[in-house]
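Each remark here refers to the structure printed beneath this line.
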Amino acid sequence: MGKIEKQSDRTKELSATDLIPLKYQHIAAVVFIYLSLIIFFNSIVFENKTYQSADMTAAHSWDTFRNDSKEENVLPLWNPYIFCGMPGFASLTYPIPRVYDLTSEIWGSIVHPILGFFFLKEGRSGGWLVYYLIFGIGVYLFAYHKLKNKPVAILIALSAMFSTRVAILIMIGHVTKIAVLAWFPFVFLLVEKLKEKFNVLQALLLIVLVRLMIQPGHVQFIFYLYLTIATYLLFNLIRSLIKKENWKGIVISGGSIVLATIIAFLMGADLHLSTLEYNPFSIRGSNPIIQETATSQAKTVAGGLDYDYATNWSFSPGEMMTFLIPSWYGFGDMPYKGPLTGNQQQKLNFYWGNQPSVDSPQYMGILVFVLAIIGFIKNRKDPFVQFMGGIIIFSLLVAFGKEFSLIYDLMFRYFPMFNKFRIPLMILMLVQLLVPILAGYGVVSILNERSKTLSPHQEKKWKYILGGLGVGVLISIIGSSLVKAVYSSFFPLQEVGQRLASSYGQLNPAVVSMIFDFVFSSVMTDLLIAFILLLLVFGGFYYYLKNKIKYSTLMGLLIAAAIFDLWRIAWKPFEPQSKQEEIRMMATPEFAKVLQIDTTVFRALRLINGQPVYDNSLAYWRIQNAYGYHGAKLRIYQNMVDVAGLGNPLVWQLMNIKYIISNREESSPALSLIYSGQDAKIYAFRYAMPRLFFVNKYEYAENLKTLNNIAQMSFNPAEVAYLSVEKNINIEPPLQNASAKITRYGSQNIEIEATATGNNLLFISEAYYPAGWKAYIDGNETEILQLNYLFRGIVVPKGKHKIEMKFEPASYTNGKTISLASNILIFMGIALAGTYQILTIRKSKNIK
């Protein structure tokens with residue numbers, strides 16, 4: 001492993017202490033990691049509090065629907081509560097327990113609750129802390145495997161766990177990210193071990209770990225982790241071929257991870273096949289029907305996201321300053337008390353970078369960052385260090401997105417799957433993971449400099465370092481005006497005001513000045529703390545190298561300083577709230593109670609200041625929403641919104657919108673006020689159409705033409721419907737006694753009684769999705785037509801009929817069988833391989 005490996009014998013004695021016997025030191029490290037989580041998340045663990053970010057609260061929106069589905073004894077594969085309906089399971093909207101996926105079931109039903117017990121809480125937030133524990137243990141084991149130094153491995157694990165963007169994942173409700181990230185160190189460790197020596201049991205365990213890693217379904221995170229492993233193996237293979245070293249272990253390891261991924265995919269085939277089937281129908285798998293800008297059109301790739309949409313959260317090169325000074329760009333959400341809030345403590349967001357908004361900076365700790373630089377410089381010939389350095393630089397270049405698109409555009413245009421992802425800075429989670437490991441290399445490199453006496457050159461070097469840090473402390477205390485002049489040159493007040501306007505509107509220059517001064521005071525605090533911590537720690541290194549303090553004292557100082565530095569930043573963005581507050585937020589509001597009185601099938605549209613709301617909470621109260629939020633909604637729905645607009649009364653008719661929920665008075669003559677309360681106003685739409693109705697005739701039109709007809713409100717939906725695929729169908733206008741009504745509206749099926757007076761065309765206001773929906777007339781399957789671009793229709797022959805529509809995707813049905821069979825085979829393999837290995841060990845002991 002290079003320089004570190006050669007010197008590891010000189011630090012072996014440093015990893016042991018007299019306090020803890022050698023065989024218990026790994027257990028002690030795990031306990032230490034666990035206790036750190038307990039302390040950091042103490043209000044979650046001991047005070048029954050929860051984080052209530054928008055995403056965390058949004059996750060509750062589906063609780064009622066999933067409970068109802070459980071009572072119906074059906075799996076909620078289709079979600080009828082947003083966007084006129086969309087696949088819920090295939091789009092990874094919510095998790096669904098499936099007993100045939102044995103790995104996920106054992107983890108979710110047995111192991112996870114047992115581990116969750118150690119956090120003394122059954123609540124949602126407390127349960128997710130398990131993944132932080134797993135992640136910390138995994139990073140510790142991986143770091144120890146590389147450096148053979150337990151205290152340094154603990155430092156690396158803590159630094160990775162509490163790196164700001166990792167620590168706040170649970171706070172902002174991005175729980176699937178930590179659920180994916182938690183297993184990656186274990187997967188990487190087994191890939192490394194299989195590279196060194198193949199072992200059947202380890203290869204089988206790799207399959208299970210890969211299954212657990214991909215099961216949460218955050219595809220973008222999974223993609224980046226696989227990219228890291230693939231790059232690592234390719235880097236090692238090329239290096240071994242150049243140096244004519246043994247390459248077979250690398251190929252075997254690479255083959256193992258490929259095979260593990262294939263089998264892990266089969267173990268969750270029902271989910272993965274469903275997702276693959278859905279992808280071409282979603283906004284991540286198909287292009288908009290119209291392009292917004294010339295730039296976007298030029299850079300958007302067929303089958304991927306719109307370029308402008310994909311690059312919305314691009315990390316600007318200047319924001320790398322937040323690696324050193326977290327408040328440099330205004331920070332994000334942080335506590336404020338002053339004139340802007342009537343001297344009351346509040347969380348405000350003063351971020352003024354190029355991104356639409358941020359919760360917190362990409363801060364990894366000043367100590368960790370500086371030690372990582374030292375680790376890279378001192379071990380730059382080590383292949384693993386070279387690999388980490390390369391991944392960090394690559395990740396930064398990708399994260400820059402449209403701000404510096406040299407690498408990002410190439411990836412977006414040519415790399416498989418990459419154009420389906422948004423938020424370029426998400427790849428920085430690799431930086432958050434690898435920088436602490438590099439820092440560990442830096443610590444060990446400094447420790448290895450210890451000898452009986454420092455040479456004059458070393459003595460001089462250390463005095464210069466400590467003197468420079470002392471000057472930094474002095475400048476931070478008395479040089480505020482000098483620093484402010486420099487800072488102001490980067491952020492002129494006028495520019496700050498313009499950037500804050502997107503969040504707060506046009507601000508008075510005096511208010512902008514107050515905000516600037518507040519942020520600058522945070523910058524100075526960050527600067528002072530940074531220099532003090534660096535002076536303390538490097539002073540500790542100096543006295544350790546001079547044999548004046550013990551190793552245990554030095555490591556205690558280093559760990560304490562790193563934790564203090566990271567915790568003070570990670571605690572800023574969010575405060576946990578009481579469970580009662582969460583209950584209050586999800587309590588049924590008065591406007592929802594009014595809508596629940598209406599027992600017909602309808603949709604509502606919620607508006608804030610005239611704009612539809614990215615919110616799924618209506619589902620919690622069993623109200624179907626014509627809008628909502630999802631990162632991979634149906635493309636046909638998004639095209640309808642883009643072209644025809646959600647303020648269009650004809651769109652409201654087609655979408656079966658019966659009520660408008662608004663926070664303000666609406667003056668449209670098409671709306672009638674039926675409720676006015678403090679929480680909202682409800683307007684009945686005078687021209688609402690039912691969920692299904694017969695249409696006099698159909699015409700064929702290309703999709704864009706149909707959307708433009710809707711946008712221009714140029715037709716009566718009861719008179720004509722536009723067919724997306726040209727067909728020759730005999731349709732007769734319905735007579736007066738023709739009728740159709742829903743007799744049962746289930747989440748996964750719809751039952752209809754219809755009386756047709758001829759070959760009548762029935763329009764059904766449900767999203768058209770051919771990959772699973774089937775229609776039956778009196779038990780005989782009939783074709784579902786795509787009407788008015790977004791919706792369904794069927795031809796009903798003359799007479800009285802029972803019609804049923806069922807959501808029965810073959811991808812799910814076939815995948816379920818594959819999943820069960822592959823899970824059983826893998827667990828049998830693990831049992832056999834484990835038994836064989838135990839017998840082999842016993843046999844070798846008996847021979848001895």
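The values are calculated or read from the model by the stated rules, or taken from the named source; none is laboratory data. Everything numeric here is computed off the predicted structure, so don't read it as measured data. Positions of Cβ are backbone-derived with ideal geometry, glycine not excepted, and every protein chain shown enters the neighbour counts. For accessibility, only protein heavy atoms count, side chains too; no ligands or nucleic acids. Shrake-Rupley method; radii C 1.70, N 1.55, O 1.52, S 1.80 Å.
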Among (1) under 24 Å from Asn616 (Cβ atoms); (2) assigned to a strand (DSSP E or B), which single condition is Leu673 missing?
(1)
(1) more than 23 Å from Asn788 (Cα to Cα); (2) surrounded by fewer than 21 Cβ atoms within 10 Å (Cβ to Cβ): which one isn't true of Ile661, the others all being true?
(2)
Quick check on Ile636: is it of a type in the set (A, V, I, L, M, F, W, C) and crowded, with 17+ Cβ neighbours inside 10 Å?
yes
Listed residues Ala399, Ala372; which is surrounded by 21 or more Cβ atoms within 10 Å (Cβ to Cβ) and within 30 Å of Glu449 (Cα to Cα)?
Ala372
Yes or no: the stretch 179-187 includes at least one residue that is open to solvent by 10 Å² or more (accessible area, probe 1.4 Å), over 27 Å from Phe574 (Cα atoms) and either hydroxyl-bearing (Ser, Thr, Tyr) or part of a helix (DSSP H, G or I) (or both).
yes
Can you tell me which of (1) buried (at least 19 other Cβ atoms within 10 Å of the Cβ); (2) of a type outside the set (Val, Ile, Thr); (3) modelled with pLDDT of 90 or more; (4) outside any loop (DSSP other than H, G, I, E, B) is the one Met56 doesn't meet?
(3)
Which members of the stretch 684-721 meet the condition of being in contact (Cβ under 8 Å) with a residue 40 or more places away in the chain and among the hydroxyl-bearing types (Ser, Thr, Tyr)?
Tyr698, Thr706
Would you please list the contacts, defined by Cβ atoms under 8 Å and residues six or more apart or on different chains, that run from a residue in the stretch 491-505 that is open to solvent by less than 20 Å² (accessible area, probe 1.4 Å) to a residue that is in a helix (DSSP H, G or I)?
Phe491/Phe516; Val496/Val512; Val496/Ile515; Val496/Phe516; Gly497/Pro509; Gly497/Val512; Leu500/Val512; Leu500/Ile515
Tell me, please, whether a residue that is among the hydroxyl-bearing types (Ser, Thr, Tyr), crowded, with 16+ Cβ neighbours inside 10 Å, assigned to a helix (DSSP H, G or I) and at pLDDT 85 or above can be found in the stretch 351-358.
no
It is to be established whether one or more residues within the stretch 762-775 are over 23 Å from Met655 (Cβ atoms) and at pLDDT 95 or above.
no
Give me a count of the residues in the stretch 188-208 that are in contact with a Phe, Trp or Tyr (Cβ under 7 Å, 6 or more places away or on another chain) and surrounded by fewer than 20 Cβ atoms within 10 Å (Cβ to Cβ).
0
Filter the stretch 676-725 down to residues that are assigned to a strand (DSSP E or B) and basic (Lys, Arg) and give me whichever is least open to solvent (accessible area, probe 1.4 Å).
Lys681
Here's a check for you: in the stretch 79-103, which residue that is hydrophobic (A, V, I, L, M, F, W, C) and more than 22 Å from the chain's Cα centre (by Cα) is least open to solvent (accessible area, probe 1.4 Å)?
Cys84
Identify the residue in the stretch 660-669 that is touching a strand residue (DSSP E or B) at 6+ places or on another chain (Cβ under 6 Å) and not in a strand (DSSP E or B) and, among all such residues, is nearest to Gly628 (Cα to Cα).
Asn663
Under 8 Å between Cβ atoms, which residue pairs at least 6 apart in sequence (or on different chains) link something in the stretch 354-368 that is without any contact (Cβ under 8 Å) to a residue 12 or more places away in the chain with a partner that is open to solvent by 20 Å² or more (accessible area, probe 1.4 Å)?
none
Going by the structure shown, is Gly332 surrounded by 23 or more Cβ atoms within 10 Å (Cβ to Cβ) and either farther than 30 Å from Gly401 by Cα or in contact (Cβ under 8 Å) with a residue 60 or more places away in the chain (or both)?
yes
For the stretch 225-241, what are the residues that are surrounded by fewer than 17 Cβ atoms within 10 Å (Cβ to Cβ), under 21 Å from Val210 (Cα atoms) and β-branched (Val, Ile, Thr)?
Thr231
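So that you can scan it fast, the table gives a plain yes or no per residue for (1) out of contact with any His (no Cβ under 8 Å at 6 or more places or on another chain); (2) free of Cβ contacts under 8 Å to residues at least 24 places away in the same chain; (3) not basic (Lys, Arg):
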| position | (1), (2), (3) |
| --- | --- |
| Phe404 | yes, no, yes |
| Arg413 | yes, no, no |
| Ile437 | yes, no, yes |
| Pro456 | yes, yes, yes |
| Ile477 | yes, no, yes |
Select from the stretch 399-431 the residues that are at pLDDT 95 or above and not in a helix (DSSP H, G or I) and list them in ascending order.
Phe400
Restricting to helices (runs of 4 or more DSSP H) lying wholly in the stretch 549-655: which have 3 or more residues that are over 22 Å from Leu707 (Cα atoms) and over 31 Å from the mean Cα position of the chain (by Cα)?
551-570, 590-596
Hey, can you tell me all the residues within the stretch 758-768 that are in contact (Cβ under 8 Å) with a residue 40 or more places away in the chain and either hydrophobic (A, V, I, L, M, F, W, C) or open to solvent by 10 Å² or more (accessible area, probe 1.4 Å) (or both)?
Leu761, Leu762, Phe763, Ile764, Ala767, Tyr768
Counting only residues that are within 26 Å of the chain's Cα centre (by Cα) and either among the β-branched types (Val, Ile, Thr) or part of a helix (DSSP H, G or I) (or both), which one in the stretch 279-294 is surrounded by the fewest Cβ atoms within 10 Å (Cβ to Cβ)?
Pro280
